[in-house]
Ligand code: UDP
Ligand code: MG
């Protein structure tokens, strides 16, 4: 069985040599054990880095025949870098793993075992979040709960560290959407799956390429790609507000008819005005989000272009040196 390991890299010059060293050692060991075939390889996807990431990848792939490189024409984000790698990979199984060595590479061995036992998809799930900030831990937990309630099938504490078998990979390729939120799509493929628990370490070097803004955009993408719940909430909100204003109307009429304290309504005019204004804007905003999504999807724009390749792509001498 040939294994492809796909590693998205964005400005990872600080960790890349170490990542490559550890991955190659692991591949060699696995090939030695006869768990994977000798054509197994690592694919580093350079997601438009501005540092020395690509030259490093080129160097690695000239030194090691089982290292391949793939350079995207510009930064397209983690998910697209993953897709580029997944679509280029020809292994019988593909493992995707971050470049920063936060994910314990040893879990790959367990993933292979689970795959050998029939799991087409093996999810790497973090045992704990002790390396995260309190803020990250809290928001992550809240987010997983929220999307789960909205009906998105999602594996708690699983990021993009996973193994996909050939069949799962072929299935994934059939998705026509251009904005793929892999964590939501993959459980939908529906093949037998397994979970492998692993320890998540601190970043080996360099800093996170996921600042808060990117994180939020990614989270929102996960919601709107899978769920119409926000749209439905608008309807619910509309019903509530209508009921409330109906009550206010009755109250206003009551005051007008049956009391003499009617200096009618600064409050009852101004409050609903602001309230409704706010709610309407919010609703239009959410509808707009979905419209924008439809707009983007109908264009069917490709999500990435590969600018250059390095290393031994199909054929050639693929034995690990
Ligand atoms: N990454 C990428 N493109 C981006 C941002 C990140 O390919 O635009 C890669 C990055 O090099 C790393 C992985 O995605 O291999 C995860 O990013 P990071 O470790 O910075 O995220 P965090 O672990 O902090 O959530
Ligand atoms: Mg990381």
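The values are calculated or read from the model by the stated rules, or taken from the named source; none is laboratory data. Just so it is clear, the structure is predicted and the values come from calculations on it, not from any experiment. Virtual Cβ from ideal backbone geometry, glycine too; neighbours counted across all protein chains shown.
Evaluate the following for residue 106: is it farther than 20 Å from residue 87 by Cα and touching a residue at least 24 places away in the same chain (Cβ under 8 Å)?
Yes, satisfied.
Failed condition for residue 206, given (1) part of a helix (DSSP H, G or I); (2) at positive phi, with all others met?
Going through the list (1) part of a helix (DSSP H, G or I); (2) at positive phi, residue 206 breaks only (1).
Considering each of 98, 47 in turn, give the residue that is within 16 Å of ligand 2 (Cβ to nearest atom), free of Cβ contacts under 8 Å to residues at least 60 places away in the same chain and at negative phi.
The conditions single out 47.
What helices (runs of 4 or more DSSP H) lie completely within the range 93-175 and have 1 or more residues being within 13 Å of residue 186 (Cα to Cα) and away from ligand 1 (no atom under 16 Å from the Cβ)?
The qualifying helices (runs of 4 or more DSSP H) are 166-173.
Working carefully through the options 29, 58, 18, 12, find the one that is out of contact with any helix residue (DSSP H, G or I) (no Cβ under 7 Å at 6 or more places or on another chain) and closer than 20 Å to residue 88 by Cβ.
Result of the check over 29, 58, 18, 12: 58.
If the Cβ limit is 9 Å and pairs must be 6+ apart or interchain, which residue in the range 299-319 that is assigned to a loop (DSSP other than H, G, I, E, B) pairs with which residue that is at pLDDT 80 or above and surrounded by fewer than 13 Cβ atoms within 10 Å (Cβ to Cβ)?
That search, which allows pairs on different chains as well, returns 304/73; 304/74; 305/73; 305/74.
Given the criterion modelled with pLDDT of 80 or more and surrounded by 11 or more Cβ atoms within 10 Å (Cβ to Cβ), identify the matching residue among 255, 186.
186
Going residue by residue through the range 50-61, is there one that turns out to be within 16 Å of ligand 2 (Cβ to nearest atom) and under 23 Å from the mean Cα position of the chain (by Cα)?
yes
Does any residue of the range 205-217 turn out to be more than 30 Å from residue 117 (Cα to Cα), in contact (Cβ under 8 Å) with a residue 12 or more places away in the chain and either more than 21 Å from the chain's Cα centre (by Cα) or away from ligand 2 (no atom under 16 Å from the Cβ) (or both)?
yes
Any residue in the range 93-116 that is farther than 23 Å from residue 177 by Cβ, more than 21 Å from the chain's Cα centre (by Cα), surrounded by 19 or more Cβ atoms within 10 Å (Cβ to Cβ) and modelled with pLDDT under 95?
no
Within the range 209-232, restricting attention to residues that are more than 16 Å from residue 154 (Cβ to Cβ) and assigned to a helix (DSSP H, G or I), which residue is nearest to ligand 1 (Cβ to nearest atom)?
Within the range 209-232, the match that is nearest to ligand 1 (Cβ to nearest atom) is 214.
For the condition more than 16 Å from ligand 2 (Cβ to nearest atom), in contact with a helix residue (DSSP H, G or I) (Cβ under 8 Å, 6 or more places away or on another chain), free of Cβ contacts under 8 Å to residues at least 60 places away in the same chain and within 30 Å of residue 100 (Cα to Cα), what is the one hit in 184, 165, 238?
The conditions single out 184.
What number of residues within the range 64-81 are within 22 Å of the chain's Cα centre (by Cα), buried (at least 24 other Cβ atoms within 10 Å of the Cβ) and either away from ligand 2 (no atom under 16 Å from the Cβ) or closer than 20 Å to residue 165 by Cβ (or both)?
3
Of these, 149, 145, which one is over 18 Å from the mean Cα position of the chain (by Cα) and either exposed (fewer than 13 other Cβ atoms within 10 Å of the Cβ) or closer than 20 Å to residue 226 by Cα (or both)?
149 is the lone residue from the list that is over 18 Å from the mean Cα position of the chain (by Cα) and either exposed (fewer than 13 other Cβ atoms within 10 Å of the Cβ) or closer than 20 Å to residue 226 by Cα (or both).
Please specify each residue of the range 258-271 satisfying the condition of being touching a helix residue (DSSP H, G or I) at 6+ places or on another chain (Cβ under 6 Å) and either at pLDDT 70 or above or loosely packed, with under 10 Cβ neighbours inside 10 Å (or both).
Hit for the range 258-271 is 268, nothing else.
List, please: which pairs have Cβ atoms under 6 Å, are six or more places apart or on different chains, and start with a residue in the range 23-43 that is in a loop (DSSP other than H, G, I, E, B) and end with one that is surrounded by fewer than 18 Cβ atoms within 10 Å (Cβ to Cβ)?
36/1; 37/1; 37/2; 38/319; 39/2; 40/2
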